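Laboratory data are not the source of any read-out in this text; all were calculated from the coordinates shown. Please read these numbers as outputs of a predicted model, since none were measured by experiment. FYI the Cβ positions are ideal-geometry reconstructions off the backbone, even for glycines, and counts take in every protein chain you see.
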Amino acid sequence: MTTNKTKSKKKETNSKKIIDSKKEILKLEQELKDKEDKLMRSYAELQNYQKRMQKELKFKEEELKKKYLLELLDLKELLEKAYQDKDPKEALKLLLNNICNFFEKEEIKSIDCMGKRFDHNIHHAITTIEKDDCQDDIIIEEVKKGYMINDKLLRPSHVIVAKNKNEEKIRSE
C-alpha cells in the first residue's frame, strides 16, 4: 500500500511539474511573442526614420542648390549687361563687387602666399626656379589663387617656388 501511495504521490508531483512546466512554456512563448512584436515595431520605426532623414537631406540639398543657383543667375545677368554695354568697365566692377560680397557672406577668403614659405597643406607647387638671391621654399609667383572656406582649404594656391642656386652648390661640394 505504501508503494501505491508513493506512486500516486509521485504521479501527482510529476503531473504538477508538467502543468507548471507547460505554464512556464506558455509564459515564455508569450514573452517571446511580445519581444518579437517590439523588435518588429522598432525595426519599422528605424525604417521610417531613415526614409524621413533621406527626404529631409534631399530637401536640404535642393534648398542649398537653389540658393547657389539664384546667386549664379544674378551674376549671369550682370555679365549679360556688361557684355551689352559699350563701356563694360562699370558693369564688370559691379559684377566683381557682387562676387566679392558673395564670397564674404560665405566666408571664402583668398590665401595670401607671395613671399611666404611654401606649405604643402595650402599650396600646390607648379614648378621650382633656381635663383641666386633667395631663400629656399619661398613662393615667388602665384599662378592661380587659392581659397579657404571657414578655415578649411577650398582650393590650394598654384605657385612657383624658389630654390637657392648657391645652396645647391654648397650641398654638392
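Structural remarks
- Extreme residue, positive dipole direction of the chain, given options Thr127, Leu39, Leu96 (C-beta unit charges): Leu39
- Cross-link table Lys116/Lys152; Lys131/Lys152; Lys76/Lys105; Lys65/Lys116, entries beyond 28 Å C-alpha to C-alpha: Lys131/Lys152; Lys65/Lys116
- Phi to ³J(HN,Hα) by Karplus 6.51 cos²θ - 1.76 cosθ + 1.60 over segment 113-121, Hz, x for Gly, Pro: 10, 4, x, 8, 6, 4, 10, 5, 6
- For the chain, share of DSSP beta bridges that run antiparallel, in % to the nearest 5: 60 percent
- The angle between the Cα long axis of helix 2-84 and the main principal axis of the chain comes to about 20°, on a 0 to 90 degree scale.
- Here the relative contact order of segment 110-173, from alpha carbon pairs under 8 Å that lie six or more residues apart, stands at 41 percent.
- Pairs of Cα atoms nearer than 8 Å and 6+ residues apart set the relative contact order; for the chain it is 15 percent.
- What the phi angles of segment 86-99 give under the Karplus curve with 6.51, -1.76 and 1.60, with θ = phi - 60°, is a coupling list of 5, 10, x, 4, 5, 5, 5, 4, 4, 4, 4, 4, 5, 5 Hz, glycine and proline written as x.
- The Rg/Rh ratio of segment 34-173, with both radii computed over alpha carbons and Rh defined as the Kirkwood radius, is 1.28.
- The Rg/Rh ratio for segment 110-173, using Cα coordinates for both the radius of gyration and the Kirkwood hydrodynamic radius, is 1.07.
- When the charge dipole of the chain is built from unit charges on Cβ atoms (+1 for Lys and Arg, -1 for Asp and Glu) and taken about the Cα centre, the candidate among Leu69, Ile19, Leu154 whose Cα reaches farthest toward its positive end is Ile19.
- Within the chain: Cβ-based charge dipole about Cα centre, in debye rounded to nearest 20 (Lys, Arg +1; Asp, Glu -1): 2640 debye
- Computed helical MRE - 222 nm, the chain, DSSP H runs ≥ 4 contributing -39500 (n - 2.57), nearest 500: -23000 deg cm²/dmol
- Derived scalar couplings ³J(HN,Hα) [segment 155-164; Karplus, 6.51 cos²θ - 1.76 cosθ + 1.60; whole Hz; x for Gly, Pro]: 8, x, 6, 8, 9, 10, 10, 7, 10, 6
- 20 Å reach of a label modelled at Ile99, 7 Å along Cα-to-Cβ, counting backbone N of segment 129-152: 142-150
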